[in-house]
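Have a look at the structure below, then the notes.
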Amino acid sequence: MNIVNAIKRPFTDLKKAVIGIIFYALPILNILSLGYFLEVLKTKKEMPAWTNFANLFINGVFTIIIEIIYFIPILILLIISLFVIGTNNLASAVTEAGTINVDQLGSLLLGIWPLLLITFLVLIFIAYILPSALVNYARNYKFKESLQFKQVIKNAFKKKYFLALLWGGIVNIVLILIVQLIIYALSLTGIVLLVSIINTILSAIVGFTTYVIVFTLLGETLEEKNGKKRR
């Protein structure tokens, strides 16, 4: 696993990176960036070209649909949690002034802690295997392959996959810490608008960069499964 090249990759073509960062930061248009990350997954050296926007948008939409499907179990567990608590009990945690009675709410949540723990563990599991589903989809851009749960789970517990997410997480944390230090330094100027603008720009840079790095590393697992070199 070539971690150094993966980290360098977002900066190998600044023009493509700038376009990606702009799309990533803008609502609706950021769907294009989701499709682009799948292209990053399927290529190895140069950053993919920003072409065929229709396909990028379609694959971005399918990415969102896949994510929604995989998180359905969490929605079901949350609905069950609300049902167990009961709407009347939940309403009792709200005072006449419209504020939340923290003690009352805490007592209600404590009463269903096993269910909340299960929900949390399922959330972690789904968040972990979800990129594997996207890798499966990107292989041939066939939606049904993202729902081959047995294969998705099997691939998610391979060493290269785990390391790809691990290194991606480490890089993301480091970049976020750097951004926070910059924002803190800028906040000392007292110019709120400037801090807000810089924070938005840096957040987009961090998000786009992290995804390119992670999907570059995940591409090695795609190459492993296909048994052929990426272009």
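The values are calculated or read from the model by the stated rules, or taken from the named source; none is laboratory data. Since we're looking at a predicted model, the values are computed, not measured. Every residue, glycine among them, receives a Cβ derived from its backbone with ideal geometry; neighbour counts consider all protein chains shown.
Numbers at a glance
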quantity: Verdict on T216 being at pLDDT below 90 and touching a Lys or Arg at 6+ places or on another chain (Cβ under 6 Å); calculated: no
quantity: Residues satisfying the stated conditions in region 128-145, i.e. among the charged types (D, E, K, R) and either in contact with a strand residue (DSSP E or B) (Cβ under 7 Å, 6 or more places away or on another chain) or within 17 Å of N55 (Cα to Cα) (or both); calculated: R139, K142
quantity: Among the candidates T43, T51, T63, residue that is under 19 Å from K8 (Cα atoms) and among the polar types (S, T, N, Q); calculated: T43
quantity: Pick from region 144-184, criterion of a type in the set (S, T, N, Q) and part of a helix (DSSP H, G or I), ranking: farthest from L41 (Cα to Cα); calculated: Q180
quantity: Verdict on F208 being among the aromatic types (F, W, Y) and either surrounded by 21 or more Cβ atoms within 10 Å (Cβ to Cβ) or not in a helix (DSSP H, G or I) (or both); calculated: yes
quantity: Residues located in region 26-72, provided they are outside any loop (DSSP other than H, G, I, E, B), touching a residue at least 40 places away in the same chain (Cβ under 8 Å) and more than 14 Å from the chain's Cα centre (by Cα); calculated: V40, L41, K42, N59, F62, I69
quantity: Options I191, I201, I170, I178: the member that is at pLDDT below 90 and either within 23 Å of the chain's Cα centre (by Cα) or not polar (S, T, N, Q) (or both); calculated: I191
